[in-house]
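To start, the structure under review is shown below, and the notes come after it.
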Amino acid sequence: MSQQFHSFREFYPFYLSEHSNRTSRRLHFIGSCGVLALLVVAVTQGNAWWLLAALVCGYGFAWVGHFFFEKNRPATFRYPFYSFVGDWVMFRDIVSGKIRF
């Protein structure tokens, strides 16, 4: 049975535990950087197809990290909203040095 989280504050420690492998975290970070770059391309080119590329980039890198390095199932499948927010909070925490890259 899936855990029940009543807030993102409760969820985030679980999210981090699902990202304990350093290579997986790096892949998430690279995917998030790719998403940001592709969003800029989508806006500057005025072409929404780049948004699909951003989605594939972000989830592609993250899922490689989970399936091949973490050996777990991405939290996105069970907690899509909290997981999406967790990706960006972890990205911020890596950039700020709070979490080791």
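Read the figures in this text as sums done on the coordinates, not as results from a lab. Here the structure is a predicted model, which means the values were calculated and not measured. When we count neighbours, we look across all protein chains shown, and the Cβ atoms used for this are built from the backbone with ideal geometry, even at glycine.
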- Pick from the stretch 60-77 the residues that are touching a residue at least 12 places away in the same chain (Cβ under 8 Å) and in contact with a Pro (Cβ under 8 Å, 6 or more places away or on another chain): which of them is surrounded by the fewest Cβ atoms within 10 Å (Cβ to Cβ)? His66
- Task: Quick one: count up the residues across the stretch 1-45 that are touching a residue at least 60 places away in the same chain (Cβ under 8 Å) and either of a type outside the set (Gly, Ala, Ser) or over 17 Å from Phe77 (Cβ atoms) (or both).
- Result: 13
- Within the stretch 89-100, tally of residues that are touching a residue at least 40 places away in the same chain (Cβ under 8 Å) and either surrounded by 12 or more Cβ atoms within 10 Å (Cβ to Cβ) or on the phi > 0 side of the Ramachandran plot (or both): 5
- Query: If you go through the stretch 17-76, how many residues are of a type in the set (Gly, Ala, Ser), in contact with a helix residue (DSSP H, G or I) (Cβ under 6 Å, 6 or more places away or on another chain) and within 21 Å of Val89 (Cβ to Cβ)?
  - Reply: 9
- If we keep only residues of the stretch 78-88 that are buried (at least 17 other Cβ atoms within 10 Å of the Cβ) and out of contact with any Pro (no Cβ under 8 Å at 6 or more places or on another chain), then the residue nearest to Cys33 (Cα to Cα) is Asp87
